[in-house]
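> Quick one: this structure, given as structure tokens, is what I'll be asking you about.
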Amino acid sequence: EIRPAMKLRLLLLAVLALALAPLAVLAIEREYYWNDITNVTTWDLPKVPVPFRDEKSGKKYYVDPKTGESTWDYPGPWKTMKSEEHGDREYYHNIETKESTWEKPEDLAWHRVKVQDDEL
């Protein structure tokens, strides 16, 4: 025969085990950064703004490090432009250096990649 105090302990342990069971399978989501031009990956936030993805529209947006405000436009010096002379082909223009290029700059090639700890 199990004593009442022991029954209470076993019942409490069972309830605690049931309450904590979901946490045992709950993986923690982490984020790393990948540059699609250089193919570099890092856990550390790059020194340039890295876009987030709007869940509803799928559009990328940035958080301006100076103001903390969200913006659809890249808050750094590179701007994506369209060349009417070349059938609206995209090119990139740096408003600080005045450089223009057809090639996407490395600064604009960073992505956030989410992974579960159990995938690592």
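The values are calculated or read from the model by the stated rules, or taken from the named source; none is laboratory data. The model shown is predicted, which means the values in this text are computed figures rather than measured ones. Glycine also receives a Cβ, built like all others from the backbone with ideal geometry; neighbour counts cover every protein chain displayed. Remember, those area values only see protein heavy atoms, side chains included, never the ligands or the DNA or RNA. Shrake-Rupley method; radii C 1.70, N 1.55, O 1.52, S 1.80 Å.
> So if I check each of L23, L18, L10, which one is modelled with pLDDT under 95, outside any strand (DSSP E or B), surrounded by 10 or more Cβ atoms within 10 Å (Cβ to Cβ) and not small (G, A, S)?
Details: L23 fails: surrounded by 10 or more Cβ atoms within 10 Å (Cβ to Cβ); L18 fails: surrounded by 10 or more Cβ atoms within 10 Å (Cβ to Cβ).
Result of the check over L23, L18, L10: L10.
For (1) without any contact (Cβ under 8 Å) to a residue 40 or more places away in the chain; (2) open to solvent by 70 Å² or more (accessible area, probe 1.4 Å), each residue gets a yes or a no:
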{"residue": "D36", "(1), (2)": "no, no"}
{"residue": "T42", "(1), (2)": "yes, no"}
{"residue": "V48", "(1), (2)": "no, no"}
{"residue": "S70", "(1), (2)": "yes, yes"}
{"residue": "K79", "(1), (2)": "yes, no"}
{"residue": "K114", "(1), (2)": "no, yes"}
{"residue": "D118", "(1), (2)": "no, yes"}
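> Residue check, H93 against (1) within 29 Å of R30 (Cα to Cα); (2) surrounded by 14 or more Cβ atoms within 10 Å (Cβ to Cβ), all met but one. Which one?
(1)
> If you take the residues in the range 46-87 that are of a type in the set (A, V, I, L, M, F, W, C) and at pLDDT below 95, which one is farthest from E31 (Cα to Cα)?
W72
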